[in-house]
1. Among rounded, prolate and oblate, which fits the stretch 255-471 when a ≥ b ≥ c are the square roots of the eigenvalues of its C-alpha gyration tensor, a/c under 1.5 means rounded, and a/b larger than b/c means prolate?
2. Using amide H atoms built in the peptide plane, which far-off residues or other-chain residues are under 5 Å from CYS177 H to H?
3. When only Cα pairs under 8 Å and 6 or more residues apart are kept, what is the percent relative contact order across the stretch 130-269?
4. Using the Cα gyration tensor of the chain, with a ≥ b ≥ c the square roots of its eigenvalues, what is the shape: rounded (a/c below 1.5), prolate (a/b larger than b/c) or oblate (neither)?
5. Out of THR254, VAL161, ILE39, whose Cα points farthest toward the positive end of the dipole of the chain (charges: +1 Lys, Arg; -1 Asp, Glu; placed on Cβ)?
6. Any idea how many Lys pairs in the stretch 378-442 come in under 22 angstrom at the alpha carbon, given 8 or more places apart or on separate chains?
7. Can you tell me which lysines have their Cα less than 23 Å from the Cα of LYS226? Leave out same-chain residues fewer than eight positions away.
8. Over the stretch 463-505, calculate the relative contact order: mean separation of alpha carbon pairs under 8 Å at least 6 apart, over the residue count, as a percent.
Amino acid sequence: MNQFSRRDFISLGAKTLSGALALPSLSGLLEGCAKAPVITDLDWRQLNNLIMGEVILPDTSKRWRQFVGLEIGDNTPWALQYGITSPKAIVRCVNEKDVANTIKFARERELPLVARSGGHSYAGFSTTYGILLDLSMMNSINLDLAKGLATLGGGARNRDVYASLREPSLSVTHGRCKAVGVGGLVLGGGIGFNMRLHGLTCDRLVETTMVTADGEIIKCSETENKEIFWALRGAGGGNFGVNTSFVFKPFPVTTVTYFNIAWNDDHFAVFKKLQEVLMTAPKELGVKVSVESKLVRTRPGSLTTTIGISMLGQFHGSKAEFEALIKPVQDVSPYVGTIQEGLYWDAQEFLSEAGVPEYVHERSRFALDWLSDEAINTIFSNLLKWPKTSGYALWKFFLTGGTIDDLAPEATSYFARGAKMITSIDLGWNPKVDKNIPENLLWMDKFHDEMEKFTSKYSYVNFIDRRQKNYLDAYYGPNLDRLRSVKRFVDPSGFFNFPMSIPHN
Ligand SMILES: Cc1cc2nc3c(=O)[nH]c(=O)nc-3n(C[C@H](O)[C@H](O)[C@H](O)COP(=O)(O)OP(=O)(O)OC[C@H]3O[C@@H](n4cnc5c(N)ncnc54)[C@H](O)[C@@H]3O)c2cc1C
């Protein structure tokens, strides 16, 4: 059905089409591209008239430059090395009808389209040369306290969760980075310090509304479009449609003990004892442990590489209980840092990070078992051999288990139930200063490959990584065939795709 009436066509109404008048005809941009469809300014005006939101065409404004990665701002894609692309248009949607109309517009004109919520894809997969469908204005959060449900707009970010759940003392499993989009987070599983006690972010999801490649608006839950709902809980980001809202079951929060502690000596013994403690730790504990390559000045003019171990997290329990829990590690080597008891949402401020765009590469692996001495030595020796940048290098893990394992691996498309940890190697740099990035990336590849035998061939899709080999197996694991069936059913032409998406054929 043609969406555009003649009235739409001729009336621009009160809205203006940002950027359009400052530009030559967009069709000019496509000249010389034999197969590229021709989109005129009139087409964009039609779309602009059709939606409540706004179509922004390329211009030199700060806003445009931030969206496409030329300047840093709230809507800049986080992974700066992939950030700079020039979409044909940015469509800022404000409701699900806008999303549906934008998808239909793109399909009719054979334009690629990607959705962006928080823009924090590690691999820059919310960038495109087609239509960038921006959901950031759809960030409302509505609480139904009687039903115990929170409905989040498809573009809400962690920071919106922080702001709206503080007052009623509720929470969901959220991340620490305030700027990360809940959309990307929940559709890939969603890990956070609450996950061992309350499940992954996707485990708290009870319903989501999604716009399909046909522009149809559907609800997905355990009772409606069940198979699509299954797929969306762990493998959803960018694969099946555009999710415009998420209904979560939040849980009450009171006080927690939160901490950021570090060990400067006896690293091998500390790591071993820490792992031993974590093996039997109660599910009330949520932690991230980092092993960092550190440069220390041993004498004037001489720098030596050493190791630092730190642990950040929270414990749903008292400070005394937490201190008793980690006493065996303290007995190996005393820690330095902060351990404090306080209100849950104050703790989240302490634990949070802003998540400003960076040059970073991250490579992940699920560890299906605890790490052997050989594995620990492999981590340490690789970090000591780091070729160095002006940024940082570390290996880290998030402790999983607990409530996450209450569900079977096939219960949701997040399959790594039963894994002990999500591990990753992180590398940060500054391209203006560091001239040895290829050497650093090769170091990282080798480190990542060496860790496979100690961890697994599986990786966390929310830490998506363009250098990952066998990525379909790594990210979608034993669920791949079932995910392909869902894909064929809901998006048979493969309209929603990105370089590592689930194939439609
Ligand atoms: C600084 C930082 C901290 C992080 N911390 C955590 C953490 O604590 N826990 C954790 O689990 N992960 C964490 N991540 C990873 C994060 O969950 C993923 O990068 C996630 O995909 C980001 O979501 P986004 O909406 O911000 O990203 P975007 O770049 O907007 O989207 C990521 C992908 O999902 C798709 N997508 C986004 N929104 C929708 C939607 N509404 N409907 C359909 N598809 C959509 C996009 O098209 C793209 O393919 C972190 C990442 C960063 C950079």
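What follows is calculated from the coordinates using simple rules that are stated; it is not laboratory data. Since we're looking at a predicted model, the values are computed, not measured. Because the Cβ atoms are built from the backbone with ideal geometry, glycine has one as well, and the counts that use them run over all protein chains shown.
1. On the way: a/c = 1.55, a/b = 1.17, b/c = 1.32.
Since a/c reaches 1.5 but b/c is at least a/b, the shape of the stretch 255-471 is classed as oblate.
2. GLU353
3. On the way: 248 pairs, mean separation 35.0, N = 140.
After rounding, I find 25 percent.
4. On the way: a/c = 1.93, a/b = 1.56, b/c = 1.24.
It is prolate, given that a/c is not under 1.5 and a/b is the larger ratio.
5. Working it through, the farthest residue towards the positive pole turns out to be ILE39.
6. Numbers: LYS385/LYS396; LYS385/LYS435; LYS388/LYS396; LYS388/LYS432; LYS388/LYS435; LYS396/LYS420.
Final tally of qualifying lysine pairs is 6.
7. Within reach: LYS97, LYS147, LYS249, LYS487.
8. Details: 28 pairs, mean separation 15.6, N = 43.
Computed over the stretch 463-505, the figure is 36 percent.
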